[in-house]
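J.: My questions all concern the structure below.
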Amino acid sequence: MNNHMKIIYILITISSLIWAQIEIPKHNSKDQVIHHIGYTLLYNEAHEQPDWVAYELTAEEVAGSFKRKDRFRADPSIKTKSASLADYKGSGYDRGHLAPAADMKWSKEAMSESFFMSNMSPQKPGFNRGIWKKLESNVRKWAVENGSIYIVTGGVLKGRLQKIGLNEVSIPEYYYKVILDYRRPEIKGIGFILKNQKSNDPISNFAVSIDKVEEVTGIDFFHTLPDAIENEIELKYDMEIW
């Protein structure tokens, strides 16, 4: 392949990846995928929360200035109806954001939509306000340092889970995040699996490969990447380069 053809191939590859939204995990055409301004989610009616929430976060978005307004409400986009505020009332669990409000301060609409109940999952207060919040803060720092990253996050919706509320919202025992930096010079990926409980451990204790998160969740992340790149990024991880 001559240099001219190589350039064309690279441009086509980049273009196809942009249009493919590389943060969106593999799913079936019949799945209830909901697109909001700042994030996309796959809603799981049986658990009344998403299997995953996916979005790109850029350095410019982290620098946004729209203020948080705690307007929790049902998501009108969910055909089967989302969980409600009443499900969490008196449960002892926080309405834990999956796509954090602090990641959506670049747009008034994005900030508002981050408070849809379809973006919430029952989290223990010590977890939500502690180690989970710390990880979210690190993710924003990585977005600034790398210019742009792709994030997929959610609860691990497997096994016989306890539930809260009339809508029977499942309480995940574990939560995950996977993160992809797809900008050169250092393309890299990393995953995290955290138990839904308070922890004073460093974030590095929860770091795993993306392959490990796929094994635990059954979700195929970043499937639109070229196979060689996907396999390399998902097989290994190194906290020291983040």
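The values are calculated or read from the model by the stated rules, or taken from the named source; none is laboratory data. Predicted, not measured: the structure shown is a model, and the values here were computed from it. Using ideal geometry, Cβ is built from the backbone for each residue, glycine included, and neighbour counts are taken over all protein chains shown. Areas reflect the complete protein model, heavy atoms only, side chains present, ligands, DNA and RNA absent. Shrake-Rupley method; radii C 1.70, N 1.55, O 1.52, S 1.80 Å.
J.: Suppose the filter is under 17 Å from Ala207 (Cβ atoms) and not in a helix (DSSP H, G or I); does Val139 pass it?
T.: Details: under 17 Å from Ala207 (Cβ atoms): yes; not in a helix (DSSP H, G or I): no.
Spelling it out, it is not the case that Val139 is under 17 Å from Ala207 (Cβ atoms) and not in a helix (DSSP H, G or I).
J.: Are any residues in region 169-196 over 18 Å from His97 (Cα atoms) and part of a loop (DSSP other than H, G, I, E, B), and if so, which ones?
T.: Passing the criteria: Tyr182, Arg183, Arg184, Pro185, Glu186, Ile187.
J.: Hey, can you tell me all the residues within region 152-162 that are more than 16 Å from Asp51 (Cα to Cα) and assigned to a strand (DSSP E or B)?
T.: Our first condition is that a residue be more than 16 Å from Asp51 (Cα to Cα); within region 152-162, this holds for 162.
Answer for region 152-162, where residues must be more than 16 Å from Asp51 (Cα to Cα) and assigned to a strand (DSSP E or B): there is none.
J.: Same structure again: What pairs come up if the first residue lies in region 123-139 and is open to solvent by 40 Å² or more (accessible area, probe 1.4 Å), the second is of a type in the set (Ser, Thr, Tyr), and their beta carbons are under 9 Å apart, counting only those six or more places apart or on different chains?
T.: Note: pairs meeting the criteria are Lys124/Tyr93; Pro125/Tyr93.
J.: If you don't mind, another one. What's the number of the only condition in (1) exposed (fewer than 12 other Cβ atoms within 10 Å of the Cβ); (2) farther than 26 Å from Ser137 by Cα that Ser91 fails to meet?
T.: (1)
J.: Are there any pairs, at least 6 apart or on different chains, whose C-beta atoms fall under 8 Å, with the first in region 217-242 and in contact (Cβ under 8 Å) with a residue 40 or more places away in the chain and among the aliphatic types (A, V, I, L, M) and the second surrounded by 12 or more Cβ atoms within 10 Å (Cβ to Cβ) and in a helix (DSSP H, G or I), and if so, which?
T.: Ile219/Val213; Leu225/Leu17; Leu225/Ile233; Ile233/Ile210; Met239/Ile203
J.: Looking at (1) at pLDDT below 95; (2) surrounded by 12 or more Cβ atoms within 10 Å (Cβ to Cβ), which is the only condition Lys67 fails?
T.: (2)
J.: Filtering region 201-216 down to residues that are in a loop (DSSP other than H, G, I, E, B) and without any contact (Cβ under 8 Å) to a residue 60 or more places away in the chain, which residue is surrounded by the most Cβ atoms within 10 Å (Cβ to Cβ)?
T.: Taking region 201-216 as the starting set, the residues that turn out to be in a loop (DSSP other than H, G, I, E, B) are 201-202, 209.
Now restrict to residues that are without any contact (Cβ under 8 Å) to a residue 60 or more places away in the chain: 202, 209.
On the way: Pro202: 11, Ser209: 17.
My answer is Ser209.
J.: Also, I was wondering about something else. Considering every residue within region 130-153, establish whether at least one is more than 18 Å from the chain's Cα centre (by Cα) and among the polar types (S, T, N, Q).
T.: no
J.: Return the total of residues in region 162-184 being open to solvent by less than 10 Å² (accessible area, probe 1.4 Å), in contact with a Leu (Cβ under 7 Å, 6 or more places away or on another chain) and not charged (D, E, K, R). Reasoning before the result, please.
T.: The initial filter retains those residues of region 162-184 that are open to solvent by less than 10 Å² (accessible area, probe 1.4 Å), namely 169-170, 172, 175-181.
Subsequent filtering for residues that are in contact with a Leu (Cβ under 7 Å, 6 or more places away or on another chain) retains 170, 172, 175, 177.
Next, from what is left, pick out any that are not charged (D, E, K, R): 170, 172, 175.
Residues in region 162-184 being open to solvent by less than 10 Å² (accessible area, probe 1.4 Å), in contact with a Leu (Cβ under 7 Å, 6 or more places away or on another chain) and not charged (D, E, K, R): 3 in total.
J.: Among the numbered criteria (1) touching a helix residue (DSSP H, G or I) at 6+ places or on another chain (Cβ under 7 Å); (2) open to solvent by 10 Å² or more (accessible area, probe 1.4 Å); (3) at pLDDT 95 or above, which single criterion is violated by Glu113?
T.: Looking at each condition in turn, Glu113 falls short on (1).
J.: Now, a different point. Looking only at region 94-110, which residues are surrounded by fewer than 22 Cβ atoms within 10 Å (Cβ to Cβ) and either assigned to a helix (DSSP H, G or I) or modelled with pLDDT under 95 (or both)?
T.: Here is the first cut: in region 94-110, the residues surrounded by fewer than 22 Cβ atoms within 10 Å (Cβ to Cβ) are 94-95, 101-102, 105-110.
Ala101, Ala102, Lys108, Glu109, Ala110 - these are the residues of region 94-110 that are surrounded by fewer than 22 Cβ atoms within 10 Å (Cβ to Cβ) and either assigned to a helix (DSSP H, G or I) or modelled with pLDDT under 95 (or both).
J.: Any chance region 219-228 includes a residue that's open to solvent by less than 30 Å² (accessible area, probe 1.4 Å) and not in a loop (DSSP other than H, G, I, E, B)? Let's see the steps before the verdict.
T.: The initial filter retains those residues of region 219-228 that are open to solvent by less than 30 Å² (accessible area, probe 1.4 Å), namely 219, 221-222, 225.
Keeping just the survivors that are not in a loop (DSSP other than H, G, I, E, B) gives none.
No, region 219-228 contains no residue that is open to solvent by less than 30 Å² (accessible area, probe 1.4 Å) and not in a loop (DSSP other than H, G, I, E, B).
J.: Which one of these does Lys195 not meet: (1) open to solvent by less than 30 Å² (accessible area, probe 1.4 Å); (2) touching a residue at least 12 places away in the same chain (Cβ under 8 Å); (3) not polar (S, T, N, Q)?
T.: Looking at each condition in turn, Lys195 falls short on (1).
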